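Heads up, the thing below is written out as C-alpha cells.
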Amino acid sequence: MKTYLVTGGAGFIGSNFVIYMLNKYDDVKIINIDSLTYAGNLENLKSVENNPNYKFIQADICDKNAINEIFENNDIDYVVNFAAESHVDRSIENPEIFVKTNVLGTLNLLCAAKKAWSVGDDVYRNGVKYLQISTDEVYGSLGPDGYFLETTPLDPHSPYSSSKASADLVVKAYFDTYKFPMNITRCSNNYGPFQFPEKLIPLMINNALSHKSLPVYGDGMQIRDWLFVEDHCKAIDMVIRDGKIGEVYNIGGHNERPNVKIVETIIDYIKNNVDDSVDKHLIKHVEDRKGHDRRYGIAPDKIKEDLGWYPETTFEVGIQKTIKWYLDNMDWMKNVTSGEYQKYYEKMYSKK
Ligand code: NAD
Ligand code: TYD
C-alpha cells in the first residue's frame with residue numbers, strides 16, 4: 001500500500017487526481033492537504049470523503065510545523081504538489097502570494113520530505129518520490145511555429161509563470177545538490193469538471209448560461225493547447241510510477257485552439273442543446289491581459305515514448321462532457337460564484 005501526500009487536492013486538477021486514483025486503485029492511500037483558499041472546495045471530493053483510503057487535513061504548505069508533523073505521523077511514499085496560486089490575472093494584481101505559496105511553499109515541502117526520507121547523506125528510503133506539478137507556461141510564448149520541449153529554456157512572463165518556473169528550479173536544485181528523488185511535469189491548459197470559473201472555459205459556460213457578455217481578451221487569437229483533465233491525471237500516475245528520477249516530462253495532446261474558437265464552440269453547444277437565444281452577439285472583445293502570451297504548444301514525445309502515455313479524450317468529446325458536467329452541477333457553480341467571486345469578477349471585468 002503506497003501513501004500519497006497530495007497537496008492542493010481540493011482544487012481543480014488535485015480533486016480530479018484524488019478521485020481518479022481512488023477509483024482506479026484499491027491499494028493506495030491518499031492524504032490530501034489543502035489550506036482551502038478561494039479555489040479549494042471540499043464539495044469536489046464528496047464522492048470519496050468516506051473512502052477508508054482517503055484522509056483530508058486542512059494545512060498550508062508554507063506552515064513548517066504542520067507539514068513536518070504530517071510527515072512524522074504518516075509513512076509517506078510520494079508527494080504530489082498541486083497546491084498553488086494558479087490564476088494569471090490574479091498574479092498580475094497581487095504577485096506576492098504567488099511567490100509565497102508557489103516558491104516558498106514548494107521549498108517547505110522539499111525540506112520536510114528530504115528530512116523524512118533521508119536514511120544517510122544524500123541517500124533516501126527506497127521507492128520514495130516528489131512530483132512537482134508544473135505548467136507549460138514556464139517556457140514563455142511561442143511564435144506561429146515550433147513546440148515546447150523539455151529542453152526549451154525557461155522564459156516565463158507573468159508573475160504566476162515566473163513563480164512556477166522558480167519552484168521548478170528549486171526542485172531541480174534538490175536533485176542536483178542532494179540527489180533528491182523527484183520529477184517535474186509540465187502540462188498544457190487543462191479543462192474538465194470542477195474547474196473554478198475564473199478560468200476561460202468554465203467562465204464562458206457560466207456567463208453564456210446566464211446571458212452575460214463573454215469577455216475575450218484582445219483579438220482572441222491567442223492559442224492554448226487544451227487537455228482533458230483526466231488525461232493529465234493518467235500522465236501523473238504514470239510519471240509517479242515509472243518516471244526516471246530527475247527527469248522533466250511535458251504533457252499535452254497537440255490540441256491547439258485560438259481562444260475565440262473555444263468560446264464559439266461553447267456558444268454553439270449551448271445554442272443547440274440548451275438555449276437557442278445564446279449566440280455570438282454575447283462575445284465582447286475587451287482590453288488585453290498585460291504581458292499576454294501569444295501561443296503555447298507542447299511536444300509530448302518524451303512521455304509518449306518513454307512511458308507510453310497518450311491522451312484518450314478528444315477535444316470534441318471532452319468539451320461536451322465538460323459542458324454537460326456544468327449543466328448537471330449548476331448548484332456547484334452557484335456556490336462557487338457567490339461571495340468572493342462576485343467581488344473578483346466585478347473588479348476584473350468592470351474596468352475592461
Ligand atoms: P486551483 O487553483 O484550482 O487549485 C489550487 C489548490 O491549491 C486549491 O485547492 C487551493 O486551496 C490550494 N492551495 C493554494 N494555496 C495553498 C497553500 N498555501 N497550502 C495548501 N493548499 C493551497 O489550481 P489547478 O488548476 O487545479 O492547478 C493545480 C496545479 O496544476 C497548480 O500547481 C498549477 O500550476 C498546475 N497546472 C494547472 C494547469 C491548468 O490548466 N489548470 C495546467 C498546468 C499546470
Ligand atoms: P486562462 O483560463 O486564465 O488560462 P492561462 O492564462 O493560464 O492560459 O486563460 C486561457 C486563455 O483565455 C488566455 O489566453 C486568456 C484568455 N481569457 C480570455 O480571453 N477571457 C477571459 O475572461 C479569461 C479568463 C481568459
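Values quoted throughout were computed directly from the atomic coordinates according to the rules given, and no laboratory measurement underlies them. Please read these numbers as outputs of a predicted model, since none were measured by experiment. Neighbour counts run over all protein chains shown; Cβ positions are idealised from the backbone, glycine included.
Before moving on, here are some points about what is shown:
- Region 32-51 and region 178-224 have Cα centres separated by 20 Å.
- Fewest neighbouring Cβ atoms within 10 Å first, the residues 247, 93 line up as 93, 247.
- Pairs exceeding a 29 Å alpha-carbon distance, out of 280/351; 261/324; 280/352; 212/261; 46/351; 2/64: 46/351.
- Nearest 10 degrees, 0 to 90: helix 106-117 Cα axis against the chain principal axis: 30 degrees
- Remark on region 192-239: hydrodynamic radius 12.7 angstrom, per the Kirkwood mean of 1/r across alpha carbon pairs.
- Fraction of beta bridges assigned by DSSP in the chain that are antiparallel (%, nearest 5): 10 percent
- Panel order for 111, 62, by other beta carbons found within 10 Å of each beta carbon, from fewest to most: 111, 62.
- Relative to the longest principal axis of the Cα atoms of the chain, the long axis of helix 12-24 lies at roughly 60 degrees.
- Using C-alpha pairs below 8 Å separated by at least 6 residues, the relative contact order for region 20-60 is 53 percent.
- Cα long-axis angle, helix 340-350 against the chain (0 to 90 degrees, to the nearest 10): 50 degrees
- Whole-number percent relative contact order across the chain, with pairs defined as alpha carbons under 8 Å at least 6 apart: 17 percent
- If you wrap the Cα atoms of the chain in a convex hull and average its projected area over all directions, you get 16.7 nm².
- Residues 80, 123, 216, sorted so that the one with the fewest Cβ neighbours within 10 Å comes first: 123, 216, 80
- Around the Cα centre of region 112-187, unit charges on the Cβ atoms of Lys, Arg, Asp and Glu (plus for the first two, minus for the last two) sum to a dipole of about 480 debye.
- The trypsin sites (Lys or Arg not before Pro) found in region 290-344 that occupy coil by DSSP, while having at most 15 further C-beta atoms within 10 Å, are 290, 294.
- Overall shape of region 152-276 was characterised from the C-alpha gyration tensor. The equivalent ellipsoid obtained from it has semi-axes of 35, 16, 12 Å, in decreasing order.
- Cα lying deepest toward the dipole's positive end in region 214-339, options 318, 273, 333, charges on Cβ: 333
- Ranking 205, 126, 298 by how far each Cα lies toward the positive end of the dipole of the chain (charges on Cβ) leaves 205 at the top.
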